[in-house]
Each structure stands twice: as structure tokens, then as C-alpha cells.
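Bear in mind that the values in this text are calculations on the coordinates, not laboratory data. Note that the structure is a prediction, hence the values are computed from the model and not measured. Heads up, the Cβs are rebuilt from the backbone with ideal geometry, glycines too, and the neighbour counts pull from every protein chain shown.
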Amino acid sequence: MKKYTFTEKKDTRSGFGAGLLAAGKKNPNVVALCADLVGSLKMEAFIKEFPERFVQVGISEANMMGMAAGLTIGGKVPFTGTFANFSTGRVYDQIRQSIAYSDKNVKICASHAGLTLGEDGATHQILEDIGMMKMLPGMTVINPCDYNQTKAATEAIAEFEGPVYLRFGRPVIPVFTDPDQKFEIGKAWMVNEGKDVSIFATGHLVWEAILAGEKLAELGIDAEIINIHTIKPLDAEAVLKSVEKTGCVVTAEEHNRLGGLGDSIAQLLAQNNPTPQEYVAVNDSFGESGKPAELMAKYGLDADAIVAAVQKVIARKK
């Protein structure tokens, strides 16, 4: 098992803030809109540098999506910012009609996703957003794993033509990827090569998969861990190549097991190489108020849950 170490912890939303500033410096057409959550989205540095390229929309998320769609007609590259729940569930009609249907070059940037929103509780802990957004034709869906990858992803989508949903979060987590990485949309990242099981993880669960891999190594299980930061388009070649070698799969995500990464992997395998699969995801329920780490453990989204899923799926392998 390849060893991953870290010297600091940062939240992925701060990676978005840093990436937005960098994208703004590279591309004068990058503009930002926010629904009264500038501090939560870490957009202050961009606003300070480019005040004339920022619009504070206020608590009017649907209006923000319509404004962003309109800005693209003039050649702007708008980044919208609010919580994941308000970026998707509250404004799905506007995204579908004004952005996705007409293929507008809007970057929908969503913070505070999943259970790790913590104490704000179930009304804010959206666990359906990946499914909602990946079902929209033409929508690219990205869920990076740490500060550095979120920064790189934010810069990459500024140069990408088409609507994008970029998902990130609030908790402080280890920074373990390369600060100078080249982010390739639609290209999975091999975290650790192995032969006994394929673990496909996304977002905050990538670090948990690394911790699980270390525990599995102690048990004599050689896990292949792949970071699926781009859920749509899915890197089908990387998934199928890994599964051909290992013969069994665990998917890990901070999302409902219905409609997320696990379902995308299962659909691909059903069509190409039917394979035993176990899900590490929220089991068709809402969340609740609590500390992020405690919620991850209670809902089975931590390293121990991944280890248990691996043991279960290996037992099913022929």
C-alpha cells in the first residue's frame, strides 16, 4: 500500500476560493455570483481583486442561475456560489431550463455538501445532488477530494466549455494531493495499485479509502484505490481495466446510495462486466444534526465501513 502523508488540513471550499482567484487572474471573462454566502464560499479574495466582476445576488438562488445563464451570452464565464442544497434542490428548474437545456457555460459551485455539513442538519445536508445533476444532459459533475484538487478543478473548469457542477465541502481534511497537479476532467486518478479489490471513491471518501487501504494491507488484502473526481463523464476505461484485474468492487461516496457514483459504476459494469459490488454510501435516508466525524461513522461512511464492505465483497467473488 502506497503511503500518503500530509502536513496540513484544509477545507475543500478554501480550495475553491483559491482556484476562483487564480482562474480570474488567467481569464478576464471569469465572473462570480453569490447568494449571500461569500464567507462560506471563500470568495473574498476574488471580490477584493476583481470587485467589478462580482455580483451579490442575495438570498435569491433561482434568480442567480438565470443571471448566470444570461451572462454567458455576452461571453462571460460565470461561477455561481452557494450551499449544495440551494445550488441544486432549490433551483433545479432554473438549471434544467436556463442552463442545461441551452448548454450555457455556467459553473455551478456548491459548498457544504453531504453529511459533513454537520450541525445544520438534514434540511441542509443534501445527499441527492450528484444524482440530480448527473441526470441533466450535457452536465459535467466533479467532486474533488482535497484542497489542492479542488483548487486545480476550479481552474480547469474555467477553461472548459459547457455547464459544470462542482461539489465541495466545509470540513477540514488532510491535504494529500500534489499542489501543482494537472486536473484532467473525466480522467480518474490512481491512488494505489492493487490486485484483490477495486475501491472507487470520490470527494471526502478518498482519504477514508486510503486509511481503509492501510488497514486492509495489515489484513493481507491488496486494495486498488481510484479517485473518481469526475463522476460525469465517468472514466469507463479506468474502471473496467481495474475491475478486470480485481474481480470485485466497493464504491465510496458521501451521498445517497441511490443515484450517485455507485450507481454509475454499477450501470457500467452491468453493461460490460457484471461484477460483485458493495456500496459505502448513505442508505436511502436523510441525515441529522451532529458532528461531522460522528455522522460519518453513524451512517457508515468512514474507513471502517470501507474495510467491512471490502471483506464482504471479496467473500462474494468467484
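Descriptive notes on the structure:
- The chain - percent relative contact order, Cα under 8 Å, separation 6 or more: 19
- Note on the chain: GNM, Cα springs under 10 Å; of Ser285, Ser198, Ser264, the largest mean-square fluctuation is that of Ser285.
- Cα gyration tensor, the chain - rounded (a/c under 1.5), prolate or oblate: prolate
- Relative exposure of Met296, Met135, judged by other C-beta atoms within 10 Å (fewest first): Met135, Met296
- Computed [θ] at 222 nm, deg cm²/dmol, the chain (DSSP H ≥ 4; -39,500 (n - 2.57); rounded to nearest 500): -11000 deg cm²/dmol
- Asp284 versus Lys182: modelled label distance in nm, points set 7 Å from Cα along the beta carbon direction: 4.4
- Debye-sum result for the range 1-133 in log10 I(q)/I(0), which assumes one identical scatterer on each alpha carbon, at q = 0.20, 0.22 Å⁻¹: -1.18, -1.35
- Summing charges over neighbours of Lys241, with a neighbour being any other residue whose Cβ is under 12 Å away from its Cβ, gives -4 when K and R count +1 and D and E count -1.
- For the range 97-191: rounded, prolate or oblate by the Cα gyration tensor [a/c cutoff 1.5]: oblate
- Look at the Cα gyration tensor of the range 189-316: its axes a ≥ b ≥ c give a/c of at least 1.5 with a/b at or below b/c, and that counts as oblate.
- In summary, the lysines within cross-link reach of Lys76, defined as a Cα separation below 26 angstrom excluding same-chain residues under 8 places away, comprise Lys25, Lys26, Lys42, Lys48, Lys104, Lys107, Lys134, Lys151, Lys182, Lys232.
- Sorted ascending by nearby beta carbons within 10 Å, beginning with the fewest, Lys318, Lys76, Lys187 become Lys318, Lys187, Lys76.
- Listed by chain and number, the aspartates and glutamates whose C-alpha is less than 16 Å from the C-alpha of Lys318, apart from same-chain residues fewer than 8 away, are Asp196, Glu244, Glu278.
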